[in-house]
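The values are calculated or read from the model by the stated rules, or taken from the named source; none is laboratory data. Source: prediction; values computed, not measured. All Cβ positions, glycine included, derive from the backbone under ideal geometry; neighbour counts span all protein chains shown.
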Amino acid sequence: MKEFIKLPREFFENEEICKSPEHLYLYVHILSSVAFEDGTFSVVNGKRVELERGQMVTSIRKLAEKTGIPKSSVSRMLAHFKKWDVIWTDGGTSQTIIAVTSLCPLGTRDGTEESQNMGQSWDEEAERKGEKRKEAKEKSSKERFSKSIKNSKKKNVYGTFENVKLTDEEYESFKSKFPVNYERYIDDLSHYIASRGDKYKSHYATLLTWNRDKSDEMSSFDTDEFFEAAVKRSAERIRQRASEGTEEKPDTFPDLGW
């Protein structure tokens, strides 16, 4: 009897293999092309290569020609299969040995199954792949969290000479404490470091220490109050000049509510 492959229903629920119709087609093509028994020989560059069951010798170009899938896509799909341990590969782009690592039951020449436990093995393999996907997602989540923490501690440079180092959190904190003069205070430290060459463990702590006794001038600036005071001073000058006879006294003064 002819060689055959026998696919359980769970095969089509495998997310790695059935990621897209092209992924499924390429993988089924590989399954139908690998050796069905140990001791199968293939000729590579004029040399006979002995293959084990589940192996084949091919290339990205040949797979692209056989399936009609672009070479770049074939390369990405093989990398995807290899990432999830569906296959392993050995070699370069010209000649590659591909081995099917999944336990999908391959038929034999006489039409019998090689193992009575193939269905059970497939379930175990699917479970193992599910655990691996879960571990990969958890690892990716941890890496993203670690990267986020690392970025939050990353220090940016500020000041005229770009030598004051502060994290985003430190910069925003100092800015909130001195919303009017924070840039001037940072520049003061920048000039000092540039001129003296001094080094500090924490530029943020240095800024707070230098300016702890300073008030943020104009931080509570009231424009209405300033304008009213200016008008009052102007009116007083007019009265003074009028009384001294240096300026013509106005008939009336504006009612400022004093």
Practice problem: Answer yes or no: is there a residue in the range 221-236 that is assigned to a helix (DSSP H, G or I), of a type in the set (D, E, K, R) and at pLDDT below 65. | Solution: yes
Practice problem: For residues that are small (Gly, Ala, Ser) and surrounded by 17 or more Cβ atoms within 10 Å (Cβ to Cβ), scanning just the range 31-58, find the one that is farthest from Glu16 (Cα to Cα). | Solution: Ala35
Exercise. Among the numbered conditions (1) hydrophobic (A, V, I, L, M, F, W, C); (2) in a loop (DSSP other than H, G, I, E, B); (3) surrounded by fewer than 17 Cβ atoms within 10 Å (Cβ to Cβ), tell me where Val28 comes up short.
Key: (2)
Quiz item: What residue, of Tyr200, Tyr171, is more than 30 Å from Glu16 (Cα to Cα), modelled with pLDDT of 75 or more and either assigned by TED's automatic domain parsing to the domain that holds Glu16 or assigned to a helix (DSSP H, G or I) (or both)?
Solution: Tyr171
